[in-house]
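Report on the structure given below.
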Amino acid sequence: MTGKVIKYDIENIDTDVIIPGPYLKIHDHKELGKHSMEGLDPDFSSKVNKGDFMVTGKNFGCGSSREHAPIALHESGIQAILAPSFARIFYRNAVDGGYLLPIEIEQDIVKKIQDRDELEINLNENKIFNKTQKEEYLIKPFPELISKIVSAGGLINFKIEEQN
Amino acid sequence: MGMNITEKILAKASNRTKVSPDDVVIANIDKVMIHDVSGPGVIKVFELWENKGIKLEKLYDPEKVWISEDHFVPASDKVSANNISLLSKWSKKFNVKKHYKYGLGQYGICHTLSHEEGLILPGELYVGGDSHTNTSGAMGALAVGLGHTDIAYVLMNGKIWFKIPETILFKLSGKKPDYIMAKDIILKIIGEIGTDGANYKAMQFSGDVIEKMTMEERLTLTNMTTEAGAKNGIIEPDNTTYEYLKSRTNEKYIPVYSDVDAEYSEIYSYEIGDLEPIVAKPFSPKNISVARELQGIELDKAYIGSCTGAKLEDLRNAAKIMKGKKVKIRTEVLPAAQSIFLKAMKEGLVNVFLEAGAIVGPPTCGACCGAHMGVLAKDEVCISTTNRNFPGRMGHVESKTYLASPLVVASSAINGKITDPRDVD
């Protein structure tokens, strides 16, 4: 998995800025993508490219349970978000819906990675290679169950009965 | 070691004798809620699944499912009207009887109906398609908010995965000062632990303050555990809970209590005897000050509404301040459910608000989430009984919202600026 970085060095980015309240009534995924991150950066959808990684501060996605948030980010092209921590419902929605990967990294790695750096993420080895800066970083491995859901591409393809 | 109430409910729901933090379990769900935002989102998930060959033939148990119309009601435009219409067709098709429709008897904000109608009971595992589902934890239930995919999965299969959370115990003691409400207590706690202070964790409240606290006030505490990132907020059931439920439901339930030797990841003790009215400044619920430090800040609007701040006692407290006075800024009062609106009418509270010059509107999430019915313009400043004040939460991204108790909001409404209720003549 390779892609370029779009970086917002801000903590506690909440669902109200990821996809503002008035768009909650919209359920067309493509339409939601057009308004992704509108509350923080109105130019976001013109800056982001398909396959980009977002690098950001702790507690990303705090606030509401709106699944519109990971849907909008996915539709705008983001394939993974790298942050020190995620709000719990955002994390679940991202994984169970199969929209994008919430990847936990240490705070000092957030500082090292720069906007538009090119990264290669290896989930089997839990490593990131920064092709621009020629550096390697560790990522916090997914818990076993999350890893299985991620591999299945979301909850729909995941046989929950087999887990008990 | 024993288990706390959150662990015991999850152990029971997953047919285990013992669970510990970080265990992952598959738990059976007692109740499920969707509303006019999450409902159409869930229906969309079913459409996508059907395209992949997985069709929803029937719900796992229509009796356990209930639906609320609250965010964009009365239908604010064509899109929201279509969503509500879609939800009505869906509930009919899948035989969901408990669909609370606006303009058709009892309806209101989902987290208010859940207690007003006695829908969520002690010991139950309840999931809702809304982040403030945490509210119902005040009933001694484990109440957790989920997104569309997870709710769709539950509606189809009746179960879902959970990681057992660590639990933080908040022991609240002391004599509650006059003019202090549960809202001040929870803002104080969020101010100290932050918006991710309880991320992935359970927040359990206990102590003599809780024992004396009314059901509606307890609901304000658990409601805003969401703002600390908590998976759930919970209060062990007691006589206050059982008395509250008596007139609301005949459904049987089995209460669950923490073991005496239960474990907690952290224990915080709060003495509330000296607590002063608190206000959370823009743009985060953790950004707190005592109200008096902010006195004189000019306001454009006061909003008394939402699942957090428009229950009957919230309205009674606001009316106590506003009685015989006039508001100096636009003031909106939106009772959180039809039943509460009716009780407020009978008690004369609605008269107090109208005579003060406020507008009294129908139950709706409305402007709390910037949806409709009084959203804020650029640069407008609002004081509100709601739960969030992130940028753009209640309207324009450059508007500002201060969060406070109904007493502080009502006091500020009649002064036109932020006012401590103790300073009202």
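Quick check on the protein assembly as shown: take the gyration tensor over C-alpha atoms, sort the square-rooted eigenvalues as a ≥ b ≥ c, and tell me if it's rounded (a/c under 1.5), prolate or oblate. Rounded shape, in that the Cα axes give a/c under 1.5. Restricting attention to segment A:2-163, close to 45% of DSSP beta bridges with both partner residues there are antiparallel. Have a look at B:V24, B:F283, B:V37 and report the one farthest towards the positive end of the charge dipole of chain B, computed about the Cα centre with Cβ charges (Lys/Arg +1, Asp/Glu -1). Result: B:V37.
When only DSSP loop residues count, what GluC sites (Glu not before Pro) in segment A:55-114 have their Cβ near at most 16 other Cβ atoms within 10 Å? Those that pass, being in a loop and sparsely packed, are A:E106.
Partners of B:K212 within straight-line reach, counting lysines whose Cα lies under 24 Å from its Cα and excluding those fewer than 8 residues away in the same chain: B:K171, B:K175, B:K176, B:K183, B:K188, B:K246, B:K311, B:K320, B:K343. The region of chain B that goes longest without hitting one of the GluC sites (Glu not before Pro) in a DSSP loop, each with at most 16 other Cβ atoms within 10 Å, is B:58-250. A DSSP coil position with no more than 14 other Cβ atoms inside 10 Å describes the following trypsin sites (Lys or Arg not before Pro) in segment A:54-158: A:R116, A:K131, A:K134.
When +1 charges are put on Lys and Arg Cβ atoms and -1 charges on Asp and Glu Cβ atoms, the dipole computed for chain B relative to its Cα centre reaches about 1140 debye. Give me the distance between the Cα centres of segment A:118-134 and segment B:250-292, rounded to whole Å. Centre-to-centre distance over Cα atoms comes out at 42 Å. Spin-label model, B:K328 to B:I359: label points 7 Å out along the Cα-to-beta-carbon direction sit 2.2 nm apart. When segment B:278-423 is described by a simple charge dipole with +1 on each Lys and Arg Cβ and -1 on each Asp and Glu Cβ, the residue from B:Q295, B:T308, B:M373 located farthest towards its positive end is B:T308. Beta-bridge orientation, chain B: approximately 20 percent antiparallel, per DSSP, counting only bridges with both partners inside. Dividing the summed -39500 (n - 2.57) terms of all DSSP H runs of n ≥ 4 by the residue count of chain B sets its mean residue ellipticity at 222 nm at -9000 deg cm²/dmol. Length gained on full extension, B:K78 to B:T17, computed as 0.36 nm times the residue gap minus the Cα-Cα distance: 16.9 nm. If you run the Gaussian network model on chain A, springs between alpha carbon atoms under 10 Å, then out of A:G98, A:G57, A:G153 the most flexible one is A:G153. By definition, a body whose alpha carbon gyration tensor gives a ≥ b ≥ c is oblate when a/c is 1.5 or more and a/b is not larger than b/c, and chain A fits this oblate description. Partner shielding of A:85-94 amounts to 6, given as the average count of beta-carbon atoms from other chains within 10 Å of each residue beta-carbon. Using Cα positions and a limit of under 19 Å, work out the lysines in reach of A:K4, with same-chain residues fewer than 8 apart set aside. Qualifying lysines at Cα under 19 Å: A:K47, A:K50, A:K111, A:K112, A:K127, A:K131, A:K134. Distances between placed amide hydrogens fall under 5 Å for B:I288 paired with B:K281, all partners being 5 or more residues away or on another chain. When the Cα centres of segment B:347-369 and segment B:89-166 are compared, how far apart do they sit, in Å? Here the answer is 26 Å between Cα centres. I'd like to know which of B:Y100, B:A404, B:A228 lies farthest towards the positive end of the charge dipole of chain B, counting +1 on Cβ of Lys and Arg and -1 on Cβ of Asp and Glu. So the residue we want is B:Y100. Panel order for A:L123, B:L113, by other beta carbons found within 10 Å of each beta carbon, from fewest to most: A:L123, B:L113.
So which lysines can B:K55 reach, going by Cα to Cα under 18 Å and dropping same-chain residues fewer than 8 places off? Answer for B:K55, where 18 Å is the Cα cut-off: A:K159, B:K44, B:K89, B:K92, B:K93, B:K159, listed by chain and number.
The trypsin sites (Lys or Arg not before Pro) of segment B:350-425 that meet both conditions, a loop assignment by DSSP and at most 15 other Cβ atoms within 10 Å of the site Cβ, are B:K378.
In segment B:278-423, the DSSP beta bridges split such that about 25 percent are antiparallel, to the nearest 5. Each residue of segment B:264-269 was assigned a 3J(HN,Hα) from its phi angle through the Karplus curve 6.51 cos²θ - 1.76 cosθ + 1.60 (θ = phi - 60°); the sequence is 10, 6, 8, 10, 10, 10 Hz, with glycine and proline shown as x.
Counting only Cβ charges, +1 for Lys and Arg and -1 for Asp and Glu, the dipole size of segment A:13-105 around its Cα centre is about 120 debye. On the beta carbon distance between A:S147 and A:K47, with R0 = 51 Å, the FRET formula returns roughly 0.95. Please state the shape class of segment A:91-164: rounded when a/c is under 1.5, otherwise prolate if a/b exceeds b/c and oblate if not, all from the C-alpha gyration tensor. Prolate, since a/c reaches 1.5 and a/b exceeds b/c.
Evaluated with a Cβ-only charge set (Lys, Arg +1; Asp, Glu -1), the protein assembly as shown carries a dipole of roughly 1340 debye about its Cα centre, given to the nearest 20.
Starting from 0.36 nm per residue, how many nanometres of slack lie between B:K58 and B:L342 once their C-alpha separation is accounted for? It would help to have the intermediate numbers written out before the result.
Numbers: separation 284, 0.36 × 284 = 102.24 nm, distance 3.63 nm.
My answer for the length gained is 98.6 nm.
The eigenvalues of the Cα gyration tensor, multiplied by 5 and square-rooted, give segment B:287-379 an equivalent ellipsoid with semi-axes of 21, 17, 13 Å from largest to smallest.
Only the coordinates and a few stated rules stand behind these numbers; no lab work does. As the structure is a computational prediction, the values presented were derived from the model and not from experiment. Virtual Cβ from ideal backbone geometry, glycine too; neighbours counted across all protein chains shown.
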